[in-house]
Amino acid sequence: MTLNAADDSFAKLIRSDLGDDILRPVTDRYLEEPRGRFTGHAGLLALPRTVDEVSKLVRLASDARVPVVPYGGGTGLVGGQVMSEGPAPLVISLERMTAIRAVYPTENILIAEAGAVLEDVQTAAEEANRLFPLALAAQGSCRIGGNLATNAGGVNVLRYGNARDLCLGLEAVLPSGEIWHGLSRLRKDNTGYDLRNLLIGAEGTLGIITAASLKLFPRPEVVGTAMLQVTSPEAAIELLALARDQLGDAVSTFELIHRQGLQFLTEVLPLVRYPFETQPEWCVLIELGLFARQSPSEALEALYATADKAGLVGDAVIAQSEAQRMDLWAVRERIPEANRLIGSVSSHDISVPISRIPEFILRGAEVVAALGPFRINCFGHVGDGNLHYNVFPPQGHDRAEFDGQRQAVKHAVHDLVHAFGGSVSAEHGVGRLKADDLEEYGDAAKLSAMRAIKTALDPQGIMNPGTVLRS
């Protein structure tokens, strides 16, 4: 079905219905994404203040067959927040809808509007002596609506799950403009289809999330953090199993880091402090969250002793203060920043079965080496099988020199992921970047069902066209 641009005549309709204050000039930040792979265009930018205003905007767009691009914090890494082809869309940014509507400490529930910055949601939970465990490098600028729309993961998935697992209910505007009032505080509700889980991870293609009912958790009373050198990826997987056996759900974070990431930090962020005198080939960052009368240092020392006896680990540093803990985390959290400064040829957010991670890393190095003298920075949330497997130009070269090989590198890595029974999108979403990959590697029956759902809920095809499913 033909779509129409969000032009001056459509702007007049919006102003006549919602007033002059809702439309703003379209600036560059609404047309860019962090990796610079996509540049969007937009006819109009709207900043609604309420769900009713979002509803009116979407209803007008539906009647006029104008495409709509929902916009959160702009931190997405797969191009879902920018539309570069087709009629210029109406961009709807939720940055004015930032309220924490309610906190229910005894129920462990917080209700936030979709434009609330993730860090502000964490702070609101902390003020109620609770924990909202979703934690990302972009948490100071990403917004909870976008986190849910992409089913974001982060460093605490091992213990608490991803965004989908942290949400009880949603308020959302459907493609017709109808408001779904689904802000449930119930943990059990078997009344029909689960629209919440349909909208989470849909990346704005089935509606616009405007508020969410989020799960909170008791705050751990003490936290223990350590970085341990491991002899190999196999040793890291064995250490993970050992940690879970000894410490159970107290293990909240288990991150694998390769020497290449440390070398990138040395190259472009030399002020980052390392815990070891020499950079190990592999290391892991582990964090525990414990409660009263438990010593994190003793727990980590006992884990290290067992792992050392098994020949899994080398040197280790256990944080003895909050400052030391932050230094350890800075190593992990600044690797993505270093990656951006170096500039990747092709970046991959993939997952494979945890037990197959070592084999995948070995085979991946062979596959990439066959294409050229590339550097690989493999790191990530190995506790849940999610690796950030990024391929970079040789030292002294710019990624632009290898743009002609980017697709070949991506396909080689994704082919291998598929062969290992993995996913080419673990936590960043599909967006526009991986819409072709979804068709190539996705299950045919699943894709057919997805298209049927899209057609049923969005018959005009106005919601974020080209994202997830190609238009």
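It is to be established whether one or more residues within the range 216-225 are within 21 Å of Ala116 (Cα to Cα) and either open to solvent by less than 40 Å² (accessible area, probe 1.4 Å) or of a type in the set (Asp, Glu) (or both).
yes
Among the residues that make up the range 358-365, is at least one of them outside any helix (DSSP H, G or I), out of contact with any Cys (no Cβ under 9 Å at 6 or more places or on another chain) and at pLDDT 95 or above?
no
What are the pairs, 6+ residues apart or on separate chains, where a residue within the range 55-68 that is under 11 Å from Met463 (Cα atoms) has its Cβ under 9 Å from a residue that is aliphatic (A, V, I, L, M) and in a helix (DSSP H, G or I)?
Pairs found: Val66/Leu60; Pro67/Ala61; Val68/Leu57; Val68/Val58; Val68/Ala61.
Could you tell me which residue of the range 452-471 is most open to solvent (accessible area, probe 1.4 Å), considering only residues that are farther than 20 Å from Ser93 by Cβ and touching a strand residue (DSSP E or B) at 6+ places or on another chain (Cβ under 9 Å)?
That would be Leu457.
Within the range 194-239, take every residue that is of a type in the set (Gly, Ala, Ser) and assigned to a helix (DSSP H, G or I) and give me the one that is farthest from the chain's Cα centre (by Cα). Please lay out each step first, then the result.
Filtering the range 194-239 down to residues of a type in the set (Gly, Ala, Ser) leaves 201-202, 204, 207, 211-213, 224, 226, 232, 235-236.
From what is left, the residues that are assigned to a helix (DSSP H, G or I) are 235-236.
On the way: Ala235: 27, Ala236: 23 Å.
Result: Ala235.
Does Asn147 satisfy the criteria of being crowded, with 24+ Cβ neighbours inside 10 Å, of a type in the set (S, T, N, Q) and either in a loop (DSSP other than H, G, I, E, B) or within 11 Å of the chain's Cα centre (by Cα) (or both)? Let's see the steps before the verdict.
Values: crowded, with 24+ Cβ neighbours inside 10 Å: yes; of a type in the set (S, T, N, Q): yes; either in a loop (DSSP other than H, G, I, E, B) or within 11 Å of the chain's Cα centre (by Cα) (or both): yes.
So Asn147 passes the test.
Suppose we keep only residues that are out of contact with any Gly (no Cβ under 8 Å at 6 or more places or on another chain) and in a loop (DSSP other than H, G, I, E, B) within the range 423-448. Which one would you say is farthest from Ala152 (Cα to Cα)? Steps first, please.
Step one: filter the range 423-448 for residues out of contact with any Gly (no Cβ under 8 Å at 6 or more places or on another chain), giving 423-425, 434, 436-448.
Restricting the remaining residues to those that are in a loop (DSSP other than H, G, I, E, B) gives 424-425, 434, 442-443.
On the way: Val424: 15, Ser425: 11, Lys434: 16, Gly442: 20, Asp443: 22 Å.
Per the stated criteria, the residue is Asp443.
So, in the range 15-36, how many residues would count as being open to solvent by 70 Å² or more (accessible area, probe 1.4 Å) and in a strand (DSSP E or B)? Quick ask: steps written out before the conclusion?
Start the filter on the range 15-36 by keeping residues that are open to solvent by 70 Å² or more (accessible area, probe 1.4 Å), which leaves 15-17, 20, 24-25, 28-29, 32.
Next, only the ones that are in a strand (DSSP E or B) stay: 24, 32.
Residues meeting the conditions: 2.
Are there any pairs with C-beta distances below 6 angstrom linking a residue in the range 218-229 that is under 8 Å from Ile286 (Cβ atoms) to a residue that is charged (D, E, K, R) and assigned to a strand (DSSP E or B), with the two at least 6 apart or on different chains, and if so which?
Between residues of the range 218-229 that are under 8 Å from Ile286 (Cβ atoms) and residues that are charged (D, E, K, R) and assigned to a strand (DSSP E or B), the close pairs are Thr225/Glu287.
Among the candidates Gly396, Gly422, Gly383, Gly461, single out the residue that is on the phi > 0 side of the Ramachandran plot and in contact (Cβ under 8 Å) with a residue 12 or more places away in the chain. Can you show your working first?
Details: Gly396 fails: in contact (Cβ under 8 Å) with a residue 12 or more places away in the chain; Gly422 fails: on the phi > 0 side of the Ramachandran plot; Gly383 fails: on the phi > 0 side of the Ramachandran plot.
Of Gly396, Gly422, Gly383, Gly461, the one residue that is on the phi > 0 side of the Ramachandran plot and in contact (Cβ under 8 Å) with a residue 12 or more places away in the chain is Gly461.
Residues in the range 401-413: is at least one β-branched (Val, Ile, Thr), surrounded by 14 or more Cβ atoms within 10 Å (Cβ to Cβ) and in contact (Cβ under 8 Å) with a residue 60 or more places away in the chain?
The first filter runs over the range 401-413 and keeps only residues β-branched (Val, Ile, Thr), leaving 409, 413.
Pick out the ones that are also surrounded by 14 or more Cβ atoms within 10 Å (Cβ to Cβ) and you get 409, 413.
Among the residues that remain, those that are also in contact (Cβ under 8 Å) with a residue 60 or more places away in the chain are: 409, 413.
Yes: the range 401-413 contains one or more residues that are β-branched (Val, Ile, Thr), surrounded by 14 or more Cβ atoms within 10 Å (Cβ to Cβ) and in contact (Cβ under 8 Å) with a residue 60 or more places away in the chain.
Which one of the conditions (1) over 16 Å from Gly466 (Cβ atoms); (2) modelled with pLDDT of 95 or more does Pro70 fail to meet, given that it meets all the rest?
Unmet condition: (1).
Just the residues that are open to solvent by 40 Å² or more (accessible area, probe 1.4 Å), over 16 Å from Asn464 (Cα atoms) and not basic (Lys, Arg), please, taken from the range 37-56. Let's see the steps before the verdict.
Our first condition is that a residue be open to solvent by 40 Å² or more (accessible area, probe 1.4 Å); within the range 37-56, this holds for 37-39, 41, 49-50, 52, 56.
Okay, now just the ones that are also over 16 Å from Asn464 (Cα atoms), so 37, 49-50, 52, 56.
Correct list: Thr50, Asp52.
I need the full set of residues from the range 179-193 which are in a loop (DSSP other than H, G, I, E, B) and open to solvent by less than 70 Å² (accessible area, probe 1.4 Å), in order please. Walk me through how you get there before you give the answer.
So the first thing to find is which residues in the range 179-193 are in a loop (DSSP other than H, G, I, E, B), and the list is 183-193.
Selection gives Leu183, Ser184, Gly192.
Could you please find all residues in the range 275-322 being over 11 Å from Gly224 (Cα atoms), without any contact (Cβ under 8 Å) to a residue 60 or more places away in the chain and not charged (D, E, K, R)?
Answer for the range 275-322, where residues must be over 11 Å from Gly224 (Cα atoms), without any contact (Cβ under 8 Å) to a residue 60 or more places away in the chain and not charged (D, E, K, R): Pro275, Phe276, Thr278, Gln279, Pro280, Trp282, Cys283, Ala302, Ala305.
Rundown of residues vs (1) closer than 16 Å to Ile109 by Cβ; (2) buried (at least 24 other Cβ atoms within 10 Å of the Cβ), yes/no style:
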residue	(1), (2)
Asn129	yes, no
Pro133	yes, no
Gly140	no, no
Arg143	no, yes
Gly153	no, yes
Leu168	yes, no
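Taking Val91 as meeting all but one of (1) open to solvent by 40 Å² or more (accessible area, probe 1.4 Å); (2) over 21 Å from Pro459 (Cβ atoms); (3) modelled with pLDDT of 95 or more, write down the number of the exception.
Status for Val91: all satisfied but (1).
With Ile318, Ile335 as the choices, which residue is under 25 Å from Arg37 (Cβ atoms) and touching a helix residue (DSSP H, G or I) at 6+ places or on another chain (Cβ under 9 Å)?
Details: Ile318 fails: under 25 Å from Arg37 (Cβ atoms).
Sole residue among the options that is under 25 Å from Arg37 (Cβ atoms) and touching a helix residue (DSSP H, G or I) at 6+ places or on another chain (Cβ under 9 Å): Ile335.
Taking Phe10 and the conditions (1) farther than 20 Å from Glu203 by Cα; (2) open to solvent by 30 Å² or more (accessible area, probe 1.4 Å); (3) not in a loop (DSSP other than H, G, I, E, B), which numbered condition does it fall short on, given that it satisfies the others?
For Phe10, the exception is condition (2).
The values are calculated or read from the model by the stated rules, or taken from the named source; none is laboratory data. Remember, predicted model here, so these are calculated numbers, not experimental data. Note: ideal-geometry Cβ built from the backbone for every residue, glycine included; neighbour counts use all protein chains shown. Protein only, heavy atoms only, side chains kept; ligands, DNA and RNA dropped before computing areas. Shrake-Rupley method; radii C 1.70, N 1.55, O 1.52, S 1.80 Å.
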